[in-house]
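These notes concern the structure reproduced below.
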Ligand SMILES: Cc1cc2nc3c(=O)[nH]c(=O)nc-3n(C[C@H](O)[C@H](O)[C@H](O)COP(=O)(O)OP(=O)(O)OC[C@H]3O[C@@H](n4cnc5c(N)ncnc54)[C@H](O)[C@@H]3O)c2cc1C
Ligand code: FES
């Protein structure tokens, strides 16, 4: 799931750590950080398209749906809009 | 029932809400972001410590506006809720229903007598080979990640575009220690400089552009390569961007000279903005095509009323013109709505609000003229293999083949129905402009003539199960009106 980190956190003064799972694997996030941010900071993969090619967030403002995943069972959730919360479960095969 | 429902808590929505409340209206503001401010004033989450809000240079009024808005207990806030559609209540002609959806709470309905659409804008999507690769991101997307989420790209970054926002983002990246390899600007660089001279004629409105001049100098001093008359023609990589191709262009953004490759792990694209009009489309508002003002924009009268009774518009969906204009339009729209609902509004208040709108427009017209994206040229960047509809995986070749087989088709909606472009989750936001460009080129007609995609409820897709609850009214808050998601 992870690759070399492509994003890094720039400040340490964040909130309490929370653990979410992405496709079953634990991932450390900070409360208030969006799920998309936590995933980017860990180099976690978002969905793949029909051809198997990787996709990743494009807009970070809720319009492109490239960050969408199934979050706590709800498909089509835009992870760039949702703050990470303890025990949140993200499944990336949930764009459609 | 509310007197006024406002969708969007950017400068337009916040100004409108406060003005409307001042005139005695019961107001609800719906925004899918977690906090007020809109795209330009996106702030770090409340839970982050040590990262307080600093308003964008030139917008000193922002802090006060946001504070006043957040402290105002007369205004009900629905943050974290997306407006997904607007329904008319046939039985009650003076009632509009806004369908809203929340990522954990599902769907509900908010009713109001009037509606203000203040949904802002988003980065203009441009399809070129490789634009779907991870590592390619919109300028506003990168800006909000760095500014409000406090993360930055690791590795070397190339920026390409034609809008002054691109220079602000480059500066923000450099300031966060990100190695910026190159900024490719489709116009010639004297253009921003000329623009600054023009702006001196408009005192008090230097704002973003004054900032751009300083930023450009700073970038050059720090050794960042800023390339004029250069566009990005491809991004390469297998799982992630590793290299981008930049090509010199002439005045009309036509390639000239050999392309060159630059190693980069991130490509930031910023050619301008598209007015966010899908809710207005779905509500049945008339639109007009105005390329320098963001493409399809919502038609309105001088007091921001749309063609649909009870529905007004303010800010970018009425024409992309910057935060000053958005704020001014929000206030004017709210005055007009208050007057419509029988509240006394002194003529002087209208005069002042109209003046503010006119002042902001003088400035933005200059910006729009200098930085209008060349849509025809951008449309040509997609090759036959390029995916132009990211959601439904439709290539330029698919659309070209269809257009060749159906010579009578001159309308983007016909392309949508046959090729499925615009039928996925983004509902055409990321392919409409490219499809319009491809169609215009094939038929040798101006882009606006091909029309626009229609929009349907839900304008932002939700789990199918949620739609059953569409007619459930959302409980209106009583004692504690603030409802931060
Ligand atoms: C990502 C981004 C970054 C920008 N950065 C700058 C900058 O640095 N400097 C600058 O001068 N200009 C910037 N702009 C331009 C900016 O859009 C305007 O200057 C200004 O923010 C416009 O104000 P507004 O109130 O019209 O819209 P916005 O500020 O965009 O506010 C619209 C609000 O509506 C909400 N919304 C939209 N659709 C829905 C829906 N269906 N349901 C619920 N809520 C919805 C959005 O979440 C948003 O908060 C940026 C634009 C974008 C898109
Ligand atoms: S990144 Fe575009 S919707 Fe989340």
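No lab work stands behind these numbers, since they all come straight from the coordinates. Since we're looking at a predicted model, the values are computed, not measured. FYI the Cβ positions are ideal-geometry reconstructions off the backbone, even for glycines, and counts take in every protein chain you see.
For the peptide B:23-34, the mean number of other protein chain Cβ atoms found within 10 angstrom of a residue's Cβ is 1.
Full extension of the chain between residue B:445 and residue B:89 gives 124.2 nm of extra length, using 0.36 nm per residue less the Cα-Cα distance. Measure nothing but the geometry: give the 0 to 90° angle between the long axis through the Cα atoms of B:207-221 and the longest principal axis through the Cα atoms of chain B, rounded to 10°. For B:207-221 against chain B, the angle is about 30 degrees. With a 10 Å cut-off around each Cβ of A:46-55, the average count of Cβ atoms from other chains is 3.
For chain B, what relative contact order do you get, as a whole percent, if you take Cα pairs closer than 8 Å and at least 6 residues apart?
It comes to 19 percent, rounded to a whole number.
Can you figure out the FRET efficiency of residue A:21 with residue B:47, using R₀ = 22 Å and their beta-carbon distance, to the nearest 0.05? Let's see the in-between values first.
Values: r = 20 Å, r/R0 = 0.92.
The formula returns an efficiency of 0.60 here.
According to the square roots a ≥ b ≥ c of the eigenvalues of the Cα gyration tensor, what is the shape class of the range B:376-450, taking rounded for a/c under 1.5, prolate for a/b larger than b/c otherwise, and oblate for the remainder?
Working: a/c = 1.36, a/b = 1.26, b/c = 1.08.
It comes out rounded by the Cα gyration axes.
Working from Cα pairs under 8 Å separated by at least six residues, relative contact order for the range B:376-450 is 34 percent.
Between the range B:316-377 and the range B:116-154, the alpha-carbon centres lie 25 Å apart. Considering only DSSP beta bridges with both partners in the protein assembly as shown, what is the antiparallel share in %, to the nearest 5? If we restrict to bridges inside the protein assembly as shown, about 55 percent are antiparallel. Highest average first, the peptides B:309-318, B:343-352, B:383-392, B:34-43 ordered by how many other beta carbon atoms sit within 10 Å of their residues are B:309-318, B:34-43, B:383-392, B:343-352.
Indicate, rounded to the nearest 5 percent, the antiparallel portion of the DSSP beta bridges found entirely in chain B.
Details: 34 of 71 bridges.
Percent antiparallel among DSSP bridges in chain B is about 50.
Pull out a ≥ b ≥ c, the square roots of the eigenvalues of the alpha-carbon gyration tensor of the range B:42-158, then state rounded if a/c is under 1.5, prolate if not and a/b is larger than b/c, and oblate in the remaining case. Oblate.
Starting from the Cα-Cα distance between residue B:408 and residue B:286, subtract it from 0.36 nm times their residue separation and give me the gain in nm to one decimal. Show your work: numbers first, answer last.
Details: separation 122, 0.36 × 122 = 43.92 nm, distance 2.49 nm.
Here the answer is 41.4 nm.
What order do you get for B:359-365, A:23-29 when each peptide is scored by the mean count of other beta carbon atoms within 10 Å, highest first?
Values: B:359-365: 18.3, A:23-29: 14.4.
Packing proxy ranking, top to bottom: B:359-365, A:23-29.
Using r as the Cβ-Cβ distance of residue B:176 and residue B:355, and R0 as 45 Å, what FRET efficiency do you calculate, to the nearest 0.05? Result of the calculation: an efficiency of 0.70.
Could you work out the relative contact order of the range B:1-133? I mean the mean sequence separation of Cα pairs under 8 Å and 6+ apart, divided by the number of residues, in percent.
31
Shielding of peptide B:139-145 by partners, expressed as the average count of other chain Cβ atoms within 10 Å per residue Cβ, is 5. Here the sum of -39500 (n - 2.57) over DSSP H runs of 4 or more residues, divided by the residues of chain A, equals -2000 deg cm²/dmol at 222 nm, to the nearest 500.
Do the sum for chain B: with -39,500 (n - 2.57) for every DSSP H run of n ≥ 4, divided by all residues, what is the mean residue ellipticity at 222 nm, to the nearest 500 deg cm²/dmol?
Details: 13 runs with 154 residues, N = 485.
My calculation for chain B gives -10000 deg cm²/dmol from helical runs alone.
On C-alpha positions alone, give me the angle between the axis of helix B:190-199 and the longest principal axis of chain B, in degrees, nearest 10. In chain B, helix B:190-199 runs at an angle near 30 degrees to the longest axis. Which of the three applies to the protein assembly as shown, rounded, prolate or oblate, going by the alpha-carbon gyration tensor with a ≥ b ≥ c and a/c under 1.5 meaning rounded? The shape class here is rounded.
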